[in-house]
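Undergrad: Here it is, the structure in full.
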Amino acid sequence: MNATPAFLIVEDIPVNAMLLRKLLSLRYPDAEIHVAENGKVALDTVSDLQPDIVFMDIQMPVMNGLEATAEIRQLPAFTHLPIVGLSAGIMPDEKEACMRAGMTDYMIKPIDVENLDQILKTHLRA
């Protein structure tokens, strides 16, 4: 990981993206934080952005988070990229579906800051 991490937030609801952006910028003031409004945009930009971690919403139009994650995992440079699923957690077995799609971790929205801090500590090892 670089000294200044790069984050990709994939979220179709602007207020959710804004909240996560704010939480990340408070922890990493110099971080590069990019937002993609759906999985297709994330897939199209991940190679150029080279993020250190991706926060991927599950339910989105155009391409959902599970599909986008499976596609990103097909790109050789991103087989080990940390991808954290974001969900309202209303569907049974959603966490397991995230892991099967190739996600690294899972967070329920609204975001619990202690959980976010633990995920960052786990996946942004220097």
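The values are calculated or read from the model by the stated rules, or taken from the named source; none is laboratory data. Quick caveat: nothing in here was measured; it's all calculated off a predicted structure. Cβ sites come from the backbone with ideal geometry, for glycine too, and all protein chains shown count toward neighbours.
Undergrad: Can you name the residue in region 61-79 that is modelled with pLDDT of 95 or more and of a type in the set (V, I, T) and is also surrounded by the fewest Cβ atoms within 10 Å (Cβ to Cβ) among such residues?
TA: I72
Undergrad: Would you mention how many residues in region 32-60 are buried (at least 18 other Cβ atoms within 10 Å of the Cβ), of a type outside the set (D, E) and over 23 Å from A88 (Cα atoms)?
TA: Result for region 32-60: 2.
Undergrad: Report yes if E32 is at pLDDT below 95, touching a strand residue (DSSP E or B) at 6+ places or on another chain (Cβ under 7 Å) and of a type in the set (D, E), otherwise no.
TA: no
Undergrad: I would also like to ask the following. Just one of A101, A97 is crowded, with 19+ Cβ neighbours inside 10 Å and in contact with a Leu (Cβ under 7 Å, 6 or more places away or on another chain); which is it?
TA: Within the list A101, A97, the selection yields A101.
Undergrad: Given the conditions (1) in contact with a strand residue (DSSP E or B) (Cβ under 6 Å, 6 or more places away or on another chain); (2) without any contact (Cβ under 8 Å) to a residue 40 or more places away in the chain; (3) of a type outside the set (K, R); (4) under 17 Å from H123 (Cα atoms), and given that S25 satisfies all but one, which numbered condition is not satisfied?
TA: (1) is the only condition that S25 fails.
Undergrad: Any idea how many residues of region 1-27 are farther than 20 Å from P110 by Cα and surrounded by fewer than 19 Cβ atoms within 10 Å (Cβ to Cβ)?
TA: Final tally of qualifying residues: 5.
Undergrad: Between a first residue in region 102-118 that is within 14 Å of L24 (Cβ to Cβ) and a second residue that is in a helix (DSSP H, G or I), which pairs have beta carbons less than 7 Å apart while being 6 or more apart in sequence or on different chains?
TA: From region 102-118, the pairs are M107/N115; M107/L116; M107/I119; I111/L19; I111/L20; I111/L23; V113/L23; L116/L23.
Undergrad: Does region 59-68 include one or more residues that are within 17 Å of A6 (Cα to Cα), small (G, A, S) and within 13 Å of the chain's Cα centre (by Cα)?
TA: Looking through region 59-68, none of the residues is within 17 Å of A6 (Cα to Cα), small (G, A, S) and within 13 Å of the chain's Cα centre (by Cα).
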